[in-house]
Amino acid sequence: MSIKVALHNLGCKVNGYETEAMHQMLEKNGYEIVDFAPGADVYIINTCTVTNIADRKSRQMLHRARKMNPQALVVAAGCYVQAGAEKLEKDDAIDVIIGNNKKKDLLKILEQYRKTGEKSHNLIDINHTKEYEEMTISRTTEHTRAYIKVQDGCNQFCSYCIIPFARGRVRSREKKDVLEEVKRLAAFGCREIVLTGIHLSSYGLDLEHENLLTLLETVHQVEGIERIRLGSLEPGIITEEFAKALSGLPKVCPHFHLSLQSGCSRTLLAMNRRYTAQQYREKCEILRRYYEKPALTTDVIVGFPGETQEDFEESLRFVEGISFAEIHVFKYSRRHGTKAAAMEGQIPEQIKGERSSRMIALGERKKREYMEQFLGKELEILTEEKISLDGATCWVGHTPRYLRAAVLDQGQHSNELLSVQAETIGPDDTLMGRETDGVLRNSIEFSVDLY
């Protein structure tokens, strides 16, 4: 009888990649992968620790797994484990803990538990390793897009961030290994890949004669891959030379997630972000010189210790002026062990909430304004799934700028590149359009209140 394993992922795209790699590793070795529900023999939770909320969710999922089957083996893996191992070692709900850089040993760890039935703690000193943890995938759940981890760790030590302590220092994946995986995924049918990492801009820092651009130039040559996206980038990587070289790689999508965190230079200095608001603005201007209407997206933290109302208003005005395509807003989360946790001027939750609401509202308005620029324009979408929108059956996909778009189902297929003329903005910020092929076909008719 096969052993039933349920996996649950929390956190970032890097975590998602590692969870998928564990899934495929287990499946290849005879384990039966089942839904995260009662009835599994083994529950594996790949945890996150980026915020206090992430910690809480990680604990909740671990305890939920124990309740779903008290006799099951419960495995806690990942960042929450790495950052808070002492607490987890005392938690009776958990049988096995696996830190970062040990997930690749999952099969051996499970086999050892089956033999002894003893709890095990599988951790290394993540802050003193130079080893990149090689894990691979050969397929994706969705055929269209694949996330590929190419880098781990971070050397920045922003004053609010716990991740360098959970992920260690910068470690890059060998280019040949990345290339082999991209080729496998292209053979599987993936037409779009997303390169991800904990600090993607640092790729190659620990390798000879390699950097993110040389990696991109190599991946760009893989046949079958039509689009290449980049995960979150630090502003410092954007130079005139970098943007010019990037624009010469047509498969690279004009969609750039540049972490901001605050539009106030005083706050940025306290965050140890290593740039000013004006320098960040200049990076956006560089990208706009080389790309027409690029989708610039970002993260913003509100309520950082010492952030005055004037600082917040300055940040709000800055974000307004950049005109981002999308903004991810986070309330500052106090993380034990970081410099910011000990700073004076901690902001009350109520004020954080008020500032968050205002920043989110601004982000929604700017996203709408960005999308409206493409109404009446012909766009390319890569079809992902067929769904029902306002009673009509449609194919939904994304444009190179990562705008969600839909077209009426007329016999198209998944993973197909279509030319679509955008006409309206419908539910869930979806551009509604009609497929074009020399002659425009039937429009999608939606009764949607645009405002």
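Residues considered: LEU296, LEU260. Of these, the only one that is within 22 Å of the chain's Cα centre (by Cα) and under 23 Å from GLU217 (Cα atoms) is LEU296. Within segment 235-260, being assigned to a loop (DSSP other than H, G, I, E, B) and either farther than 16 Å from GLU282 by Cα or open to solvent by 30 Å² or more (accessible area, probe 1.4 Å) (or both) holds for THR239, GLY248, LEU249, PRO250, LYS251, CYS253, PRO254. Filtering segment 326-333 for residues that are modelled with pLDDT of 95 or more, open to solvent by less than 70 Å² (accessible area, probe 1.4 Å), under 30 Å from PHE165 (Cα atoms) and of a type in the set (Val, Ile, Thr) leaves a non-empty set.
Each row is one residue, and each column tells you yes or no for (1) within 17 Å of VAL42 (Cβ to Cβ); (2) of a type outside the set (Gly, Ala, Ser); (3) under 26 Å from the mean Cα position of the chain (by Cα); (4) part of a loop (DSSP other than H, G, I, E, B).
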| site | (1), (2), (3), (4) |
| --- | --- |
| GLU111 | yes, yes, no, no |
| GLU118 | yes, yes, no, yes |
| ILE124 | no, yes, yes, yes |
| ASN127 | no, yes, yes, no |
| LYS130 | no, yes, yes, yes |
| GLU134 | no, yes, yes, yes |
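Applying the criterion of being in a loop (DSSP other than H, G, I, E, B) and of a type in the set (A, V, I, L, M) to the residues of segment 22-51, the residue that is surrounded by the most Cβ atoms within 10 Å (Cβ to Cβ) is ALA40.
Yes/no per residue for (1) closer than 30 Å to ASN127 by Cβ; (2) among the acidic types (Asp, Glu); (3) outside any loop (DSSP other than H, G, I, E, B); (4) touching a residue at least 24 places away in the same chain (Cβ under 8 Å):
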| position | (1), (2), (3), (4) |
| --- | --- |
| LEU185 | no, no, yes, yes |
| LEU195 | yes, no, yes, yes |
| LEU207 | yes, no, no, yes |
| GLN278 | no, no, yes, no |
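When segment 261-276 is filtered for residues that are in a loop (DSSP other than H, G, I, E, B) and either surrounded by fewer than 22 Cβ atoms within 10 Å (Cβ to Cβ) or free of Cβ contacts under 8 Å to residues at least 60 places away in the same chain (or both), the ones remaining, listed by number, are SER262, GLY263, CYS264, ASN272, ARG274, TYR275, THR276.
Going through (1) touching a residue at least 12 places away in the same chain (Cβ under 8 Å); (2) among the hydroxyl-bearing types (Ser, Thr, Tyr); (3) out of contact with any helix residue (DSSP H, G or I) (no Cβ under 8 Å at 6 or more places or on another chain); (4) open to solvent by 30 Å² or more (accessible area, probe 1.4 Å) one by one, THR116 falls short only on (1).
Being in a helix (DSSP H, G or I), without any contact (Cβ under 8 Å) to a residue 60 or more places away in the chain and within 29 Å of GLY30 (Cα to Cα) holds for only one residue in ALA54, ALA65, ALA77, and it is ALA65. Restricting segment 202-233 to residues that are among the charged types (D, E, K, R) and open to solvent by less than 30 Å² (accessible area, probe 1.4 Å), the residue that is farthest from the chain's Cα centre (by Cα) is ARG227. Checking segment 63-73 against the condition returns a match, with at least one residue being buried (at least 16 other Cβ atoms within 10 Å of the Cβ), of a type in the set (S, T, N, Q) and more than 21 Å from ASN100 (Cα to Cα). Here HIS398, HIS413 are screened, and the one residue that is open to solvent by 10 Å² or more (accessible area, probe 1.4 Å) and either in contact with a Phe, Trp or Tyr (Cβ under 9 Å, 6 or more places away or on another chain) or modelled with pLDDT under 95 (or both) is HIS413. A count restricted to segment 137-165 and to residues that are under 30 Å from ALA72 (Cα atoms), surrounded by fewer than 17 Cβ atoms within 10 Å (Cβ to Cβ) and modelled with pLDDT of 95 or more stands at 0. All of GLY337, GLY363, GLY321 fail the test of being within 30 Å of ALA166 (Cβ to Cβ) and surrounded by fewer than 19 Cβ atoms within 10 Å (Cβ to Cβ), apart from GLY337. For segment 297-317, taking the residues that are farther than 17 Å from GLY353 by Cβ and touching a Phe, Trp or Tyr at 6+ places or on another chain (Cβ under 8 Å), the one that is surrounded by the fewest Cβ atoms within 10 Å (Cβ to Cβ) is identified as ASP299.
Among residues of segment 90-111 that are closer than 17 Å to VAL5 by Cβ and open to solvent by less than 20 Å² (accessible area, probe 1.4 Å), those with a Cβ under 7 angstrom from a residue that is assigned to a helix (DSSP H, G or I) and small (Gly, Ala, Ser), sequence gap 6+ or separate chain, pair up as ILE97/ALA85. Tell me whether segment 218-234 contains one or more residues that are at pLDDT 95 or above, under 30 Å from GLY189 (Cα atoms) and assigned to a helix (DSSP H, G or I). The answer is yes; a qualifying residue exists.
The values are calculated or read from the model by the stated rules, or taken from the named source; none is laboratory data. All of these numbers come straight from a predicted model, not from anything done at the bench. Counting neighbours? That spans all protein chains shown, and the Cβs are built from the backbone with ideal geometry, glycine included. Heads up: the accessible areas ignore ligands, DNA and RNA and are worked out on the full protein's heavy atoms, side chains in. Shrake-Rupley method; radii C 1.70, N 1.55, O 1.52, S 1.80 Å.
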